[in-house]
Amino acid sequence: MDVFTRRLIGFGVEPAATDGVSVCRMFNHAIARQSLPTHLSSDHDPLFRFHRWLANLRVLEIEEIKSVPYVPVSHPFVERLIGTIRCEYLDRVLFWNALDLARKLEAFRDYYNGHRVHRALAGLTPALRAGAPSPAAAPLKHYAWQPGAVSHPECRLTTISPPTA
């Protein structure tokens, strides 16, 4: 996650036990089509002390910033993102395997970055905050109320009733 724009960069999905090699592979896959970050925030998991992980960051010239141990509020944006992904997506979506989960998380990333507005970003999407062009406005000049429309005050919907015979 890019903390400034709140843009999701990518997800890592591993079907088996995660080790240092798989963490490096997932990170490299997540940043493959992105510009390289200058800083990376991580926790004190032993996976982030693995020599290959540290060498990967050193070669890519990425500075690692460690969170405060046992203090989840030291990463408030990431903690909020994890809660959002669980509440808005993973609690509502079934997936069959790691590949299916990866595809669905990529679709969620596209939705989250391009369509989901954020209150902290003044109603903008992360893509707009990152400088993406605004989407085209929907052409509403050809829409009008239809004759025979019936209003339902209890649900504030208007439906079109079929003509009676």
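Which length gain, in nm to one decimal place, applies between ALA17 and ALA107 when the Cα-Cα distance is subtracted from 0.36 nm times their residue separation?
30.0 nm
Based on DSSP loop calls and a cut-off of at most 12 other Cβ atoms within 10 Å, the longest stretch of the chain free of exposed GluC sites (Glu not before Pro) is what?
Formally, the longest exposed-site-free interval is 62-153.
Please report the relative contact order for region 39-92, taking Cα pairs under 8 Å with a sequence separation of at least 6, and give it as a percent rounded to a whole number.
35 percent
Would you calculate the convex hull of the Cα atoms in the chain and tell me its volume per residue in Å³?
It is 203 Å³ per residue.
List the residues of region 1-21 whose backbone N lies under 13 Å from a point placed 7 Å from the Cα of SER74 along the Cα-to-Cβ direction.
None, by backbone N distance to the label point.
Looking at the calculated P(r) for region 65-145, what percent of the C-alpha pair distances fall above 14 Å?
75 percent
So what J values fall out for region 107-123 if you push phi through Karplus, 6.51 cos²θ - 1.76 cosθ + 1.60 with θ = phi - 60°, rounded to Hz, Gly and Pro as x?
For region 107-123, the Karplus-derived couplings read 5, 5, 4, 4, 5, 4, 7, x, 10, 7, 7, 10, 4, 5, 9, 6, x Hz, x marking Gly and Pro.
Which of the listed residues, LEU81, HIS118, SER67, is farthest toward the dipole's positive end in region 20-129, when Lys, Arg count +1 and Asp, Glu count -1 at the beta-carbon?
Toward the positive end, the furthest listed residue is HIS118.
Please return the longest range in the chain lying between exposed loop sites, taking trypsin sites (Lys or Arg not before Pro), DSSP loop only, at most 11 other beta-carbon atoms within 10 Å, and leaving the sites out.
Answer from the scan: 34-91.
Across the chain, where is the longest run that never hits chymotrypsin sites (Phe, Trp or Tyr not before Pro) in a DSSP loop with at most 15 other C-beta atoms within 10 Å?
5-69
How much length would be gained if the chain were fully extended between LEU81 and SER35, taking 0.36 nm per residue of separation minus their Cα-Cα distance, in nm to one decimal?
Full extension from LEU81 to SER35 adds 14.4 nm.
Expressed as a rounded percentage, what relative contact order does region 20-129 have, with Cα pairs under 8 Å and six or more residues apart?
Across region 20-129, relative contact order equals 17 percent.
Taking the Cα centroid of region 103-137 and of region 5-56, what is the distance between the two, rounded to the nearest whole Å?
The distance from the Cα centre of region 103-137 to that of region 5-56 comes to 23 Å.
What's the exposure ranking of SER74, SER42, going from fewest to most Cβ atoms within 10 Å?
Result, fewest neighbours first: SER74, SER42.
Based on Cβ point charges of +1 for Lys and Arg and -1 for Asp and Glu, what charge dipole magnitude is obtained for the chain about its Cα centre, in debye rounded to the nearest 20?
380 debye
Bear in mind that the values in this text are calculations on the coordinates, not laboratory data. Note that this is a predicted model, so its numbers are computed, not measured. Neighbour counts are summed over all protein chains in view; Cβ atoms, including those assigned to glycine, are modelled from backbone coordinates with ideal geometry.
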